[in-house]
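Okay, structure first, notes after.
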Amino acid sequence: MTKISHENNFTYLFSALVTLFFSMSALTYIESIWLSNAVEILIVSILFISVRSLKSDKSWKFTVYIMMFFLLIIFISNKIFENTTIIDISHLFILLFFFVGSLRLSYRQILTSKEVNSNMIIGSLVLYFFLALIWATLYLLLLIFFPEGFNGLESLPWKENFSKVIYFSFATLTTLGYGDISPKNPISQFFVYAEAIVGVFYMAIIVSSLVSASLENKKN
């Protein structure tokens with residue numbers, strides 16, 4: 001197995017995230033109790049691979065390990081007590097913090113790269129994935145506070161809604177808009193059109209930056 005390096009780090013993270021997306025879709029067909037355990041394992045795996053893949057300082061690595069510790073505490077708490085709203089909110093905020101931090105690190109590495117190679121192109125996809133995950137987490141939080149906030153989404157435990165919300169997030173980010181899931185109240189509508197705007201500007205800014213960097217490399 002090839003060692004993770006600055007030349008291939010995004011490939012590993014990309015593979016892990018694609019595995020997460022596919023697994024979340026497949027896991028919707030298993031019993032709820034097994035779904036919860038599987039989601040926890042997948043999330044912790046993503047945190048670990050992210051720490052190993054992304055170029056980060058010691059403080060961020062320490063922060064991620066702390067998040068993994070708190071996720072373990074939450075996992076144990078869910079086994080002892082029934083799922084509570086506070087535990088779910090805490091869980092989602094930890095994920096939101098992790099996704100935002102990983103987005104920042106990915107963005108920094110891509111923009112500071114002196115050459116455009118396959119790893120950087122894959123990195124731009126990873127960045128796109130993290131944007132979708134950030135908004136998916138926000139939508140899950142909105143569903144806790146506003147159970148009737150979306151048409152097409154039931155008020156279920158967030159792990160059971162995770163696959164559907166990721167699908168909706170990508171459909172919004174790409175401005176695909178099938179319409180099977182849609183925002184119902186003004187707050188959810190705000191987050192949805194904000195994601196659509198970010199998706200459009202992402203294509204304009206990141207892609208043009210990669211093209212410009214590639215042309216600059218050819219000149220040099």
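The values are calculated or read from the model by the stated rules, or taken from the named source; none is laboratory data. Computed from a prediction, not measured in an experiment: that's the story for all the values here. All Cβ positions, even for glycine, are placed from backbone atoms using ideal geometry, and neighbour counts span all protein chains on display.
For this structure, a couple of remarks:
- Count of residues meeting criterion [of a type in the set (F, W, Y) and farther than 20 Å from A38 by Cβ] in the stretch 82-109: 3
- In the stretch 133-152, the residues that are within 18 Å of S102 (Cβ to Cβ) reach residues that are surrounded by 22 or more Cβ atoms within 10 Å (Cβ to Cβ) and acidic (D, E) with C-beta atoms within less than 7 angstrom, at least six apart or across chains, in these pairs: W135/E195.
Quick grid of which residues meet (1) in contact (Cβ under 8 Å) with a residue 24 or more places away in the chain; (2) over 19 Å from L96 (Cα atoms); (3) touching a helix residue (DSSP H, G or I) at 6+ places or on another chain (Cβ under 9 Å); (4) aliphatic (A, V, I, L, M):
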site	(1), (2), (3), (4)
K159	yes, no, yes, no
F162	yes, no, yes, no
T172	yes, no, yes, no
S182	yes, yes, yes, no
F190	no, no, no, no
V198	yes, no, yes, yes
I205	no, yes, no, yes
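- Screening the stretch 109-133 for residues that are hydroxyl-bearing (S, T, Y) and at pLDDT below 85 and picking the one that is nearest to S163 (Cα to Cα) gives S118.
- Applying the condition of being of a type in the set (D, E, K, R) and surrounded by fewer than 18 Cβ atoms within 10 Å (Cβ to Cβ) to the stretch 77-104 and asking which residue is nearest to T137 (Cα to Cα) yields R104.
- Taken together, S53, S77, S36 contain a single residue that is modelled with pLDDT of 75 or more, within 24 Å of L131 (Cα to Cα) and of a type in the set (G, A, S), which is S53.
- One residue stands out in the stretch 114-158 among those that are part of a helix (DSSP H, G or I), of a type outside the set (A, V, I, L, M, F, W, C) and more than 14 Å from the chain's Cα centre (by Cα): the one that is surrounded by the most Cβ atoms within 10 Å (Cβ to Cβ), namely N119.
- In the stretch 36-83, the residues that are in a loop (DSSP other than H, G, I, E, B) and either touching a residue at least 24 places away in the same chain (Cβ under 8 Å) or small (G, A, S) (or both): L54, K55, S56, N83
- A single member of S155, S163, S118, S90 is polar (S, T, N, Q) and more than 29 Å from I76 (Cβ to Cβ), and it is S118.
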